[in-house]
Amino acid sequence: MDVPATTLEGLESPRAGRTSVWLRRGFLALVLAVALAGGSGLLGAYTSTATATGGGYTLTLSYPRVARAGLDTVWEVRVAHPGGFDKPVTLAVTSSYFDVFETQGFHPDASKSTDDGRFLYLTFDPPPGDTLVVDFDAYVQPSSQTGRSATIAVVDGTTSLVSLDYSTRLVP
């Protein structure tokens, strides 16, 4: 009776060995690709700016296009009206958009706010000059897993004067 030279002899075919080598190489290439993408900033947080004009107003919004849970975000709206404002300015923002954020508040504070279940209405006293700037001091809640889409508009009563649609995507 022939005794094998090694205890590993006959346990793995040469073909199975080549397959496992290529699977390991493929997995390591995938890990390397993810590490390089993360290191280069491709998987990071991004801020976008959108602008719309209508009804005599220019609405500019800087918002988190891509964000991660626990990170601070930029959400700033600028409403410009040549000649200034002679009455309060009301912004309507999709209410559910703010559900993914922990907030420290709006700056300046709204003089009045209401929510009809679909939109949060923020009314600001007329600012000096031609531009109202509102910052939302917030970070993404650690438990938030999905992003949100929203609309922001400058409204006069029930009439939208100018509006923007935007969305924030959350990544792990």
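Observations on the structure shown:
- Exactly one residue out of P127, P172, P142 is of a type outside the set (A, V, I, L, M, F, W, C) and under 19 Å from T60 (Cα atoms), and it is P127.
- Selection over segment 109-122 of residues that are surrounded by 14 or more Cβ atoms within 10 Å (Cβ to Cβ) and out of contact with any helix residue (DSSP H, G or I) (no Cβ under 7 Å at 6 or more places or on another chain) gives a count of 4.
- Annotation: T158 fulfils all but one of (1) free of Cβ contacts under 8 Å to residues at least 12 places away in the same chain; (2) under 17 Å from T58 (Cβ atoms); the unmet one is (2).
- Only residues that are exposed (fewer than 10 other Cβ atoms within 10 Å of the Cβ) and outside any strand (DSSP E or B) were counted in segment 146-160, giving 3.
- Checking V154 against (1) under 19 Å from the mean Cα position of the chain (by Cα); (2) among the hydrophobic types (A, V, I, L, M, F, W, C); (3) farther than 21 Å from Y46 by Cα, the condition it does not meet: (1)
- Only a single criterion out of (1) of a type in the set (S, T, Y); (2) part of a strand (DSSP E or B); (3) modelled with pLDDT under 95 is not satisfied by S143, namely (2).
- Residues satisfying the stated conditions in segment 44-99, i.e. among the charged types (D, E, K, R) and in contact (Cβ under 8 Å) with a residue 40 or more places away in the chain: R65, R68, D72, E76, R78, D86, D99
- Identity of the residue in segment 128-145, more than 22 Å from the chain's Cα centre (by Cα) and over 18 Å from L161 (Cα atoms), that ends up surrounded by the fewest Cβ atoms within 10 Å (Cβ to Cβ): P128
The values are calculated or read from the model by the stated rules, or taken from the named source; none is laboratory data. Since the model is a prediction, treat every value here as computed from it, not as a measurement. Here the Cβ is made from the backbone with ideal geometry for all residues, glycine too, and neighbour counts use every protein chain on show.
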